[in-house]
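The values are calculated or read from the model by the stated rules, or taken from the named source; none is laboratory data. Remember, predicted model here, so these are calculated numbers, not experimental data. We place every Cβ from the backbone using ideal geometry, glycine too, and count neighbours over all the protein chains shown. Note: areas computed on protein heavy atoms with side chains; ligands, DNA, RNA excluded. Shrake-Rupley method; radii C 1.70, N 1.55, O 1.52, S 1.80 Å.
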Amino acid sequence: MSHRALRGRSPASAGAVALVVLCGAVALVVTAALVLAVPGQEHTEGDLPELASARGVDLGVAVAVAPLREDAAYREVVTGNYTSVSAENTMKWDSVQPRRGAFDWGGPDTVVDFAESNGLRMRGHTLLWHNQQPQWLSEGAYGADELREIVRSHTDALVGRYEGRIGAWDVINEPMADEGGAIRDNLWYRVLGENYIAEALWMAHEADPRARLYVNEFGIEGGGTKADAFYTLIADLMERGVPLHGIGFQSHFIVGQVPEDLAENMRRYTDLGLEVAVTELDVRIPEPVTDARLQEQARDYRRVVEACLEVEGCQGVTVWGVDDGHSWIPDWFPGYTAATPFDADYDAKPARAAMVEALARRARQGGAIRGAAAV
Ligand code: XIL
């Protein structure tokens, strides 16, 4: 209501309008105070999913089955802040097919049903990896034909079960050696040769022709020998017409070490006609955790979301773990902790506000709505 609108009105109605304006102003101040009173959270709970959707990207999170079943507060962090989920462990071989031919769908069904009933998209994680293999597989001494059959029946069962319900699959996980430029010497490579990557992608494509198929890797977020060798591998797959649609940048970072050239490295792949996604973002902090480090972590989260928004063809950012109490970091990187945007009490950390900021700033500056998210 402008002052101009008040001119010419009777004193009584002008008074009524003034009262309404005053009430509105008071309500605004009260709301602002309430919102600002929540630490690390200058915006309301609903903002992240809405902002992400408005920008045409997914903001995802990796979930674990037990807290998803047992802990309402855990579920609320997911539904209140994210638009997609990945299964942290329950779709890996040792969970899905613990004995040959015996599938356990309990965990995967829990995750997919949860995602569907809450309107969240699903990323499937993962088909061929060197870790979390059941003993019957890793110690089975299979020949090429038999292993190929094992991969096919696993893929048919898992990808086929959720056909049309899981939008994107990490078909190949971590195909490069930890460091350097070599292909990882894993079970699949040893028995099937380098072509295992193309073979697995074709099998996944047959199991769900609509799914977006990814190769997911770490240590490719900045430049270097590994990143370049991985690029060569991917360019070759594209040249051969293999059904590959996306590259997952895992993005397990140490605070303060997000590569400057993250967006540039993503663009190498979008230039090949691929989509990209940040698939496993976390930013670990060396003990002790200080306010300064939490602020630095927030800047890192903001920069990663900004990098994705900068790159046409980046489908979104998935955070690896709902909260610091359910994060793999302390177990796997002793001395490091607090890697997610929520603390172990599910309170938002500065990193959450930083993601809101990245998405909101882009909204104000860019204006244009990006294409709909693909997963
Ligand atoms: C991790 C899980 O978070 C842990 O709970 C599990 O013990 C080991 O695996 N790269 C990946 C993920 O692709 O599957 C890994 O997840 C983290 C590294």
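Table for the structure above
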{"item": "Pair list, Cβ < 7 Å and 6+ apart or interchain, from segment 119-133 residues that are over 23 Å from E194 (Cα atoms) to residues that are away from the ligand (no atom under 12 Å from the Cβ) and at pLDDT below 95", "result": "R121/V375; R123/V375"}
{"item": "Scan of segment 234-263 for residues that are crowded, with 18+ Cβ neighbours inside 10 Å and more than 16 Å from the ligand (Cβ to nearest atom), ordered by number", "result": "I234, L237, V242, L244, H245, V255, V258, P259, L262, A263"}
{"item": "Enumeration of residues in segment 150-177 that are among the aliphatic types (A, V, I, L, M) and either outside the structural domain of W129 (by TED's automatic domain parsing) or within 16 Å of the ligand (Cβ to nearest atom) (or both)", "result": "L158, I166, A168, V171, I172, M176, A177"}
{"item": "Selected residue (criterion: farthest from the ligand (Cβ to nearest atom)) from residues of segment 61-88 that are out of contact with any Lys or Arg (no Cβ under 6 Å at 6 or more places or on another chain) and closer than 16 Å to D170 by Cα", "result": "V85"}
{"item": "Candidate set: segment 122-133, residues that are within 11 Å of the ligand (Cβ to nearest atom) and open to solvent by 10 Å² or more (accessible area, probe 1.4 Å); chosen: the one nearest to V317 (Cα to Cα)", "result": "W129"}
{"item": "Qualifying position, being open to solvent by 50 Å² or more (accessible area, probe 1.4 Å) and free of Cβ contacts under 8 Å to residues at least 24 places away in the same chain, among D71, D109, D94, D113", "result": "D113"}
{"item": "Selected residue (only one of W136, W188 is over 22 Å from the mean Cα position of the chain (by Cα), within 16 Å of the ligand (Cβ to nearest atom) and not in a loop (DSSP other than H, G, I, E, B))", "result": "W188"}
{"item": "Test: residue in segment 340-359 that is within 16 Å of the ligand (Cβ to nearest atom), surrounded by fewer than 23 Cβ atoms within 10 Å (Cβ to Cβ), modelled with pLDDT of 95 or more and assigned to a strand (DSSP E or B)", "result": "no"}
{"item": "Scope segment 209-223; condition within 13 Å of G124 (Cβ to Cβ), surrounded by 23 or more Cβ atoms within 10 Å (Cβ to Cβ) and either away from the ligand (no atom under 16 Å from the Cβ) or charged (D, E, K, R) (or both); matching residues", "result": "A211"}
{"item": "Options T318, T270: the member that is within 13 Å of the ligand (Cβ to nearest atom), under 29 Å from I197 (Cβ atoms) and either out of contact with any His (no Cβ under 6 Å at 6 or more places or on another chain) or open to solvent by 40 Å² or more (accessible area, probe 1.4 Å) (or both)", "result": "T318"}
{"item": "Flag for L147 being farther than 21 Å from D113 by Cα and of a type outside the set (V, I, T)", "result": "yes"}
{"item": "From the options G335, G313, residue that is farther than 19 Å from G80 by Cβ, surrounded by fewer than 24 Cβ atoms within 10 Å (Cβ to Cβ) and within 16 Å of the chain's Cα centre (by Cα)", "result": "G313"}
{"item": "Residue tally, condition in contact (Cβ under 8 Å) with a residue 24 or more places away in the chain, within 16 Å of the ligand (Cβ to nearest atom) and not in a helix (DSSP H, G or I), over segment 329-339", "result": "5"}
{"item": "Residues (of a type in the set (A, V, I, L, M, F, W, C) and either within 16 Å of the ligand (Cβ to nearest atom) or over 22 Å from T318 (Cβ atoms) (or both)) located in segment 277-301", "result": "A277, V278, L281, V283, V289, A292"}
{"item": "Hey, G224 touching a residue at least 12 places away in the same chain (Cβ under 8 Å) and not hydrophobic (A, V, I, L, M, F, W, C) or not", "result": "no"}
{"item": "Residue among I150, I166 that alone is touching a residue at least 40 places away in the same chain (Cβ under 8 Å), open to solvent by less than 10 Å² (accessible area, probe 1.4 Å) and touching a Leu at 6+ places or on another chain (Cβ under 8 Å)", "result": "I150"}
{"item": "Selection status of I166, outside any helix (DSSP H, G or I), among the hydrophobic types (A, V, I, L, M, F, W, C) and over 19 Å from F103 (Cβ atoms)", "result": "no"}
